[in-house]
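Scroll down for the structure; my scribbles are underneath it.
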Amino acid sequence: MGLLGVGTGESALTRQHAGEPVATARCRAGEHARARRPGSVVDARKRHPLKPSRETGKEVGRVARTVLQQADITRALTRISHEILESNRGANDLVVLGIPTRGVLLAERVARTIAEIEERAGSPVDPASLVGALDITMYRDDLSRQPTRSPGPTQVPRRGIDGATVVLVDDVLYSGRTIRAALDALNDLGRPRAVRLAVLVDRGHRELPIRADFVGKNLPTSREERINVRLAEIDDTEEVTIEG
């Protein structure tokens, strides 16, 4: 009697006569049975195929993980505010300009925190006199490759920026090109005494010689990964995630 292959309906002895050993026939029969068995690994891959990644030899789906939660963001901005005051020796001649969109929201928070710190120190200051917004739309170097953007408002505190220490605020520092555009825009507004840069996240991969003075979190990334900053004012949630 010949040995029957599992689920094949074909004799393993027949395969042997065709030049294939009995042991090999048994292995092949088992593979065919597992491939057809519901819930098997092979079956699962057919039903839920994995998306290929950009890294050769690996197959992964895009997964987002949270690196900063609301409390972390608050602590980072509080620390940045203290560092700004220490560097400037107070809030005199200080201007905090946010780069739209989320940079403006962060700048407003920093200005409020600075005002709270100064009030506790006995040197009250109006946060509205510190903060503004700097639109960089027409100074970007990718206008020819990107769809036309609608310029936003540039709002500077009443004192202006001449002779002031200007702190530019943005959510993520990446290539440095956004900050280069901000410096060009700032140059058309006046002549500050000094310009500093504060960012919530520095992800690296600089293409220009630009470095942040105040950083909430240094976050090493690959170029394929994406950093998402979500703020409660416009996103209804508060977090920083990395996706890739």
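FYI, it's all coordinate maths here, none of it is from the lab. These numbers were taken from a predicted model, which means no experiment stands behind them. Glycine gets a Cβ as well: all are built from the backbone with ideal geometry, and neighbour counts include every protein chain shown.
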Quick check: from the Cα gyration tensor, does the range 200-244 come out rounded (a/c under 1.5), prolate or oblate?
oblate
So how do 73-86, 227-240, 98-111, 172-185 stack up, highest first, on mean other-Cβ count within 10 Å?
98-111, 172-185, 73-86, 227-240
Based on alpha-carbon centroids, what's the gap between the range 177-219 and the range 80-104 in Å, whole number please?
12
Spacing of the two label points (7 Å from each Cα toward its C-beta) at residue 149 and residue 162, in nm:
2.9
Heads up, the range 64-243 by the C-alpha gyration tensor (a ≥ b ≥ c square roots of eigenvalues; a/c under 1.5 rounded, else a/b over b/c prolate, else oblate) looks oblate
